[in-house]
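Colleague: Have a look at this one.
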Amino acid sequence: GWQASMKAGSLSYIIPCNRLPVQLMSQVRVYTSNGQKKDLGSEGKSESTPEETLHKVGTGRQDTSSAGQKPSFLKEPIQVKVKAVLKKREYGPKYTQNNFITGVRAINEFCLKSSDLDQLRKIKRRSPHDDTETFTVYLRSDVEAKSLEVWGSPEALARERKRRKEAEIKYRENLFRNQRLLREYKEFFGNTKPRSSAAAMFFKGPGKVVMVAICINGLNFFFKLLAWVYTGSASMFSEAIHSLADTCNQALLALGISQSARTPDPSHPYGFTNMRYIASLISGVGIFMMGAGLSWYHGIIGLLHPHPIESLLWAYCILAGSLVSEGATLLVAINEIRRSARAKGLSFYQYVVQSRDPSTNVVLLEDAAAVLSVAVAATCMGLTSLTGNPYYDSVGSLGVGTLLGTVSAFLIYTNTEALLGRSIQPEQLQRLTELLESDPVVRAIHDVKATDMGMSKVRFKAEVDFDGRVVTRSYLEKQDIEQLLQEIQQVKTLEELEAFMLKHGENIIDTLGAEVDRLEKDLKQRNPDVRHVDLEIL
C-alpha cells in the first residue's frame with residue numbers, strides 16, 4: 001500500500017516498489033498580483049532567493065540485510081518552471097465604472113447643464129456615425145458623481161427626473177393642441193408655405209402614375225355609372241364598379257406613398273417604407289371584395305333573373321372613351337416600370353414579379369385588367385345586341401369579376417412576400433459574400449442573411465471570424481516600433497505588464513472596430529441598396 005508522511009513545509013510520498021522506494025519532495029510558491037512571492041516551505045529551512053527554481057528530489061535504496069540501517073538517498077537537481085498568475089478580478093453583476101456616455105444622455109438622464117460637463121474629463125472616441133470620425137464622451141462614473149454633487153442626493157435627482165417627465169408630457173399635449181390650431185388656421189387663411197417634399201413625390205415617379213390613374217379612373221366611373229343607369233347592362237355595371245374600385249384603391253396607394261416618406265423615429269427606426277406594400281396589399285383585398293365580388297354578384301343575378309337591355313349606343317361610346325383613357329394610364333405605368341427596371345438592371349417581368357415598386361405595379365395591373373375588361377364587356381354587350389340574349393351580358397360580368405379576382409390574388413401574393421422579408425437575389429448575395437471573404441482581415445463568414453426591406457433597401461447581416469494577427473499588424477503599422485520596444489524593455493513587474501497590455505489591448509479593439517466600419521462602408525459602396533449592415537464578431 002501507499003505510505004505518506006507529512007513534514008512542515010514539504011510533502012513527501014513513499015512509493016512502494018520491488019526494487020527502489022522513491023521519495024519526492026517539493027516546495028510550493030504562490031505569486032500574488034503585486035509580484036510578491038510567498039514560500040510555503042519549512043520554517044527551519046533557509047529562504048530561497050527569487051531566482052531559485054530548483055526543487056530537490058531524492059532517490060535511494062534500502063538495504064534489506066540490516067533492519068536498523070536507515071535508507072540512503074541520491075539527490076539529483078531537476079529544474080521546474082513556476083507559473084505566475086494574475087489574481088482574477090471580480091467585477092460583480094453590474095459594473096459601469098468604465099462605461100462611456102454622450103453629452104446629450106448625460107444632460108437628459110442626469111439632469112445636468114452643459115456647463116456642468118465642462119469640468120469633467122473629456123474622451124475622444126471613434127464615432128459610430130458615417131458623417132463624423134470622432135466624438136466626445138464622458139465616463140459614466142464621473143457623470144453620476146457630478147449629478148450627485150449638483151442635486152445633493154439620489155432622491156433629489158429622482159424627483160427632478162419625475163418633474164421633467166411630467167413637463168415633457170405636458171409639452172407634448174400642448175404641441176398636439178398647437179398643431180391642431182395651426183392646421184385650422186391654414187385651412188381658414190390658406191397655406192402659403194412652399195410645397196413639401198411629400199407633396200413633391202406626386203409629381204414624379206410612382207406618385208405621378210398614381211395621381212394620373214386616380215383622375216382618369218374617377219372620370220371613367222362617373223360616365224360608366226351614367227351608362228349603366230341609362231342601359232341597365234350588367235357588364236356596364238361591372239365596369240362602373242371596376243372603375244370605382246380602381247379609384248378607391250389608387251387613393252389608398254397615394255396615402256401609402258405619402259406615409260412612406262415619413263422620416264424614421266424612435267418607434268420605427270427603419271422608417272415607413274413598408275407602408276407602400278401595406279397599401280398595395282389592402283388594395284388587392286379591396287379589388288377582390290369590391291370589384292370581383294360585386295361583378296360576380298351582378299352576373300349571377302343577371303343569369304337568374306334576365307331582363308332586356310335598352311339601347312347600347314351610349315354604352316359603346318363610353319366604353320371606347322374608357323378604353324382610350326385606361327390605355328393612356330397603362331402606357332404611363334409601363335414607361336415608369338421600364339425606366340425603373342433599367343436602372344436596377346432587371347427585366348420588365350422580373351421587376352413586376354419581385355414587386356420592386358408596389359404602387360406602380362398596382363396601377364399597371366389594374367389598368368391592364370381594365371383594358372381587358374373593357375374588351376370583354378364590349379364583346380359580350382355586342383353579342384347581346386346581335387342575338388337579343390341577355391345571358392351574354394351576364395357572362396361578361398362574370399368574366400370581368402374573374403379577371404379582377406386574378407389580379408387581386410397576384411397583388412396579395414407579391415405584397416405578402418415582400419412584407420415577410422424575402423432574401424435578395426443569389427447573385428447579388430454572392431457578390432457581397434465574395435467582397436468580405438476577399439478581405440485580408442476576414443478568415444471566414446457564417447450565417448449570412450440579406451433581407452430586402454422594400455423600396456430598394458437591403459439589410460445585410462453576417463457573423464465574421466476576424467484574423468487577429470492581421471488586425472494587430474494593422475495596429476502596429478501605425479505605431480512607433482522603437483518607442484514600443486522601449487516600453488516593452490521597461491516592463492519589470494506584473495503591474496507594469498498589466499498596464500502595458502491593457503493600454504495596447506484597448507487600442508487593438510479600437511482598430512478592430514475601425515476595420516468593421518471599413519467593411520460596412522465597402523459593402524454599401526459595392527451595393528447602394530444596402531442601407532443597414534450588421535457584422536457580428538465571432
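The values are calculated or read from the model by the stated rules, or taken from the named source; none is laboratory data. Note that this is a predicted model, so its numbers are computed, not measured. Every residue, glycine as well, gets a Cβ built from its backbone with ideal geometry; the counts of neighbours run over all protein chains shown. The accessibility values were calculated without ligands, DNA or RNA, using every heavy atom of the protein model including side chains. Shrake-Rupley method; radii C 1.70, N 1.55, O 1.52, S 1.80 Å.
Colleague: When THR387 is evaluated against the numbered criteria (1) outside the structural domain of TYR349 (by the TED database); (2) over 24 Å from the mean Cα position of the chain (by Cα), which criterion, by number, is the only one it fails?
Modeller: With (1) outside the structural domain of TYR349 (by the TED database); (2) over 24 Å from the mean Cα position of the chain (by Cα) applied to THR387, the lone miss is (1).
Colleague: Right, another one. When you check ASN389 against the structure, is it in a loop (DSSP other than H, G, I, E, B) and on the phi < 0 side of the Ramachandran plot, yes or no? Can you show your working first?
Modeller: Working: in a loop (DSSP other than H, G, I, E, B): yes; on the phi < 0 side of the Ramachandran plot: yes.
Criteria met by ASN389.
Yes/no per residue for (1) touching a residue at least 60 places away in the same chain (Cβ under 8 Å); (2) assigned to a helix (DSSP H, G or I):
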{"site": "VAL407", "(1), (2)": "yes, yes"}
{"site": "ASN415", "(1), (2)": "yes, yes"}
{"site": "LEU435", "(1), (2)": "yes, yes"}
{"site": "ASP439", "(1), (2)": "yes, no"}
{"site": "SER456", "(1), (2)": "yes, no"}
{"site": "GLN479", "(1), (2)": "no, no"}
{"site": "ILE488", "(1), (2)": "no, yes"}
{"site": "GLU496", "(1), (2)": "no, yes"}
{"site": "ASN507", "(1), (2)": "no, yes"}
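Colleague: Does the stretch 322-330 contain any residue that is more than 23 Å from GLY205 (Cα to Cα) and assigned to a helix (DSSP H, G or I)?
Modeller: Taking the stretch 322-330 and keeping what is more than 23 Å from GLY205 (Cα to Cα), we get 322-323.
Filter once more, keeping what is assigned to a helix (DSSP H, G or I): 322-323.
Checked the stretch 322-330: at least one residue is more than 23 Å from GLY205 (Cα to Cα) and assigned to a helix (DSSP H, G or I).
Colleague: Right, another one. Somewhere in the stretch 284-301, is a residue under 19 Å from THR416 (Cβ atoms), assigned by the TED database to the domain that holds LEU403 and without any contact (Cβ under 8 Å) to a residue 40 or more places away in the chain?
Modeller: Checked the stretch 284-301: at least one residue is under 19 Å from THR416 (Cβ atoms), assigned by the TED database to the domain that holds LEU403 and without any contact (Cβ under 8 Å) to a residue 40 or more places away in the chain.
Colleague: Those residues that are open to solvent by less than 10 Å² (accessible area, probe 1.4 Å), polar (S, T, N, Q) and either part of a helix (DSSP H, G or I) or free of Cβ contacts under 8 Å to residues at least 40 places away in the same chain (or both), I need them from the stretch 342-367; list them, please.
Modeller: Step one: filter the stretch 342-367 for residues open to solvent by less than 10 Å² (accessible area, probe 1.4 Å), giving 355, 357-363, 366-367.
If we keep only those that are polar (S, T, N, Q) too, we end up with 355, 359-361.
Result: SER359, THR360, ASN361.
Colleague: Suppose we keep only residues that are assigned to a helix (DSSP H, G or I), of a type in the set (Phe, Trp, Tyr) and open to solvent by 40 Å² or more (accessible area, probe 1.4 Å) within the stretch 268-306. Which one would you say is modelled with the lowest pLDDT? Give the steps one after another, and end with the answer.
Modeller: Taking the stretch 268-306 and keeping what is assigned to a helix (DSSP H, G or I), we get 275-304.
When the remaining residues are screened for being of a type in the set (Phe, Trp, Tyr), the result is 277, 288, 296-297.
Of the ones still in play, those that are also open to solvent by 40 Å² or more (accessible area, probe 1.4 Å) are 288, 296-297.
Numbers: PHE288: 76, TRP296: 87, TYR297: 84.
Here the answer is PHE288.
Colleague: Let me ask something additional. Taking the conditions exactly as written (open to solvent by 50 Å² or more (accessible area, probe 1.4 Å) and either on the phi > 0 side of the Ramachandran plot or not assigned by the TED database to the domain that holds ARG276 (or both)), does ASP467 satisfy them or not? Working first, answer last.
Modeller: On the way: open to solvent by 50 Å² or more (accessible area, probe 1.4 Å): no; either on the phi > 0 side of the Ramachandran plot or not assigned by the TED database to the domain that holds ARG276 (or both): yes.
Here the answer is no, as ASP467 does not meet what is asked.
Colleague: So which residues in the stretch 480-510 are closer than 27 Å to ILE537 by Cα and open to solvent by less than 70 Å² (accessible area, probe 1.4 Å), if there are any at all?
Modeller: Scanning the stretch 480-510 gives GLU498, ALA499, PHE500, HIS504, GLY505, ASN507, ILE508, ASP510.
Colleague: Which residue out of VAL458, VAL441 is modelled with pLDDT of 90 or more and of a type in the set (Val, Ile, Thr)? Full working, then the answer.
Modeller: On the way: VAL458 fails: modelled with pLDDT of 90 or more.
Being modelled with pLDDT of 90 or more and of a type in the set (Val, Ile, Thr) holds for just one of VAL458, VAL441, which is VAL441.
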